Structures are given as C-alpha cells and as structure tokens.
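Notes follow the structure.
Each value in this text was obtained by applying a stated rule to the coordinates, not by laboratory testing. All values derive from a computational prediction rather than experimental measurement. All Cβ positions, glycine included, derive from the backbone under ideal geometry; neighbour counts span all protein chains shown.
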Amino acid sequence: MPTKLHKNPTIYTLATDLGLKVTTDPVTAIKDHCHRQIKRFLKEFSHCTTLSGLLDLAAQKLGTTFREIHSDADLVQLTQEYADRGETCAALFNSELTDDVYGVTFKLLRPGKFDLPYISLIDCRGSKKQRCYFTKWHELGHLLILTDQRRLSFKRTHALHELKSPEESMVDVIAGEFAYYAPMVRPYAKGSLTFDAIDAARTALCPEGSYHSALIGLVNVWPTPCVLVEAKWAGKKSSSPGQYFSSFALRAVSVLVNDAARQHGIQLHKNFRVPERSVIHSVFTESLAEGTGVEDLCWWESSDGTRLEKREIRVSAKRIGDTIHALLIPR
Ligand SMILES: [Zn+2]
C-alpha cells in the first residue's frame, strides 16, 4: 500500500500542509511527524510502558474520549446523551456508523469544563468488536495529522463515500505503526518467537487487542526473523472455472514476512500450497491442536514448480478454528 500512496498527490499536499519538508516520500515524512508527537507524549509520561497505556495517553494528549458502542441500545443512549447536551453531531451518530465504518470522531461544540474537545465513537457491535483496538488507533491517526487550519474547521473524520480515500489509507498506515509500537514490544521480544511468547507479550502490553491483530502486529515488529503463515483449505483464484475445484489444497492464504526475515532474503508468497510433509499439514489433516517440527524452506513450491531456497526452519503450527497459524523461524 505505501508504495502507491507515496506517489499520491493528496498525500503530498497533506504533508506540505503539515509543514513537512517532503523530498521524495510524503508517507515517510508523515509517519515521522506522527512518531515525533508520540515520542513527545512518552517523554512527558515516562512511566507509560504498555501499548494500552500508550493508547490512553495518546487519546488524552490528542484530545479525544473513546465511547464504545456494543449494542444498538448503546448507540440510542449515547445519541440521547449528546443531544441532551446540545451537541448537533448527535443527529449524525446513527447515519455515520454505516456497515463499513468502524469509528468516527466528532468535535464537540460545547464541551464541559473537564471534557476533551473531541469524542470518538468506536463501533464494537458484532464482528466489528475484533477490530476495536485498531479502530481506536485509526481515529487517533486522524487526529495526529490534523493541520492547524483543519483543526478549526474539523467536524468529523468520515465524509460519506470517502472510505477508500488516500487519507484513510494513510491513517491505516499510521494506526499500524502505533498499535504495536516497536520500542514498547522490544523488551518482550528478547527470547525466541513462539506462540507462548506472543501470548505473554499480548497479555502484558495490550490484552484488549484481538488475538489475530496481536499475532500480526507483534510478529511484524519482532526483531528476529519470522514468517507468519495462515493456512486454509482453498482453491487457486487464478484458475479457470473448470480447474478451480481441482485446485483446492491446504494453502497459505496469508503470509507475513517480517522485516528481520526480509533482511535475511527470505521470501514466501501467498497461495503457495503447504508441503504435505510439513507439520502445518499434519495439524490440519489430523485435527491436532498444535505441533512443531524442523523443516526446510525448500519444501515450499509455487504452482509453476519454483522451489524456495534451501534453509532450515523451525515450524510451530497452531489450529485456530478452521485456520492453521504457523510461525516459520530460520535456524
Ligand atoms: Zn477514518
């Protein structure tokens, strides 16, 4: 995503509106601008050492109060509460939280003496609950990139039908930077990367993030090389209709190669078939809860027969529902 985003004129304008010196890459300039703010908050509150603490601190410093909505009744009650306070934005609460919108931030017209200037509604109804932690960071992302001029005219973060706008993508990139903020994860990432280590880091740093987002977020910033694979029984989408059903196999439906692994030249691509001799395959076919094994990356083969380079890896596989999650760690 960032590769296209850094060439986008809207993002370039945003960076210059923020007073940033942009040479070639406005995405990096904007990310650095956000990092400087977060570092400043942390310098002031040095006792903040967890991701949950950082979320609360950033919300406080950026001036917003999160209000979680867990049911339709919560939304009705919140709408009434803000309507009673004379906030005209209350009339928009229901219409703004459409199916695709997970959160929205409004500037209050008449905040009370002890109120922060904004409120961020976080939709936690149904499956949206899974993303609630990330949604909070997304809303903070909007506030991290408000220019002085926009701060004055700011009403709400989402104009309808603008969900896929370049700015929304930029805000997702920012949320990704801080939801699993690398300097905070590092003290928990000293040992080897295992599912237990991820559980421990998640419990200590941010139990409110979903297991799935923690897995991705933590593996991504872990300082040692790792490839995270999610394997499922799936067909090959590029196959012709006749071949589609015969293409079904246990496949890597999502692959994350972390920075450390990329620096070691490790590659693995989405849709590769899981090798039948891999423990990932046994955990799937034998309905096991988990398993580990010492394997080789060259067992993995693309559909055109290209094999990956020979490299010994330790594989841990774990079943979560109908998906097998696996950590591939070079030895
Ligand atoms: Zn947004």
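Summary table
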quantity	calculated
Reachable lysines, given that their alpha-carbon falls under 24 Å from the alpha-carbon of K236 and they are not under 8 places away in the same chain	K270, K318
Net charge over other residues, Cβ less than 15 angstrom from the Cβ of Q77 (K, R count +1; D, E count -1)	-4
Contact order relative to length of the chain, as percent, for alpha carbon pairs under 8 angstrom and 6 or more apart	12
Packing rank of 129-138, 280-289, where each peptide gets the mean count of other beta carbons within 10 Å, highest leading	129-138, 280-289
Sequence-distant residues sharing a close amide H with R251 (under 5 Å, placed H)	K232, W233, A234, V274
Value of relative contact order over the range 224-330, rounded to a whole percent, pairs C-alpha under 8 Å and six or more apart	28
Residue-averaged [θ]222 nm for the chain, counting only DSSP H segments that reach four residues, each worth -39500 (n - 2.57)	-11500 deg cm²/dmol
Cα-based reach from K107 at 28 Å (exclusive), listing lysines while leaving out same-chain residues under 8 positions away	K31, K39, K43, K61, K128, K129, K136, K155, K164
Cα-based convex hull volume of the range 75-187 per residue, rounded to whole Å³	137
Computed over the range 1-70, Cα set: Rg, Dmax in Å	15.1, 44
Net charge, K128 excluded, C-beta distance under 15 Å - Lys, Arg +1, Asp, Glu -1	-4
DSSP-loop chymotrypsin sites (Phe, Trp or Tyr not before Pro) across the range 74-116, with at most 16 other Cβ within 10 angstrom	F114
Residue-count net charge about A289 - beta-carbon cut-off 13 Å; Lys, Arg +1, Asp, Glu -1	0
Per-residue HN-Hα couplings for the range 88-101 [Karplus 6.51, -1.76, 1.60; θ = phi - 60°; Hz; x = Gly/Pro]	5, 4, 4, 5, 9, 3, 5, 6, 6, 7, 6, 4, 8, 9
In sequence order, calculated HN-Hα J values of the range 298-313 (Karplus, 6.51, -1.76, 1.60; Hz; x Gly/Pro)	6, 5, 7, 9, 7, 5, 8, x, 6, 9, 6, 5, 5, 6, 5, 9
Hz values of 3J(HN,Hα) by residue in the range 185-190 - Karplus curve (6.51, -1.76, 1.60), Gly and Pro given as x	6, 3, x, 9, 10, 7
Trypsin sites (Lys or Arg not before Pro) restricted to DSSP loop in the range 32-107 with at most 12 other C-beta within 10 Å	none
Dimensions (Å) - the range 2-179, Cα atoms, principal axes, largest first	48, 40, 32
Coordinate range along principal axes, alpha carbons of the range 224-330, Å, largest first	42, 30, 21
For the range 190-267 versus the range 118-150, the gap between their alpha-carbon centres in whole angstrom	25
Kirkwood Rh (inverse of mean 1/r, distinct Cα pairs), the range 279-331, angstrom	11.6
For the chain, convex hull of alpha carbons as volume per residue, Å³	170
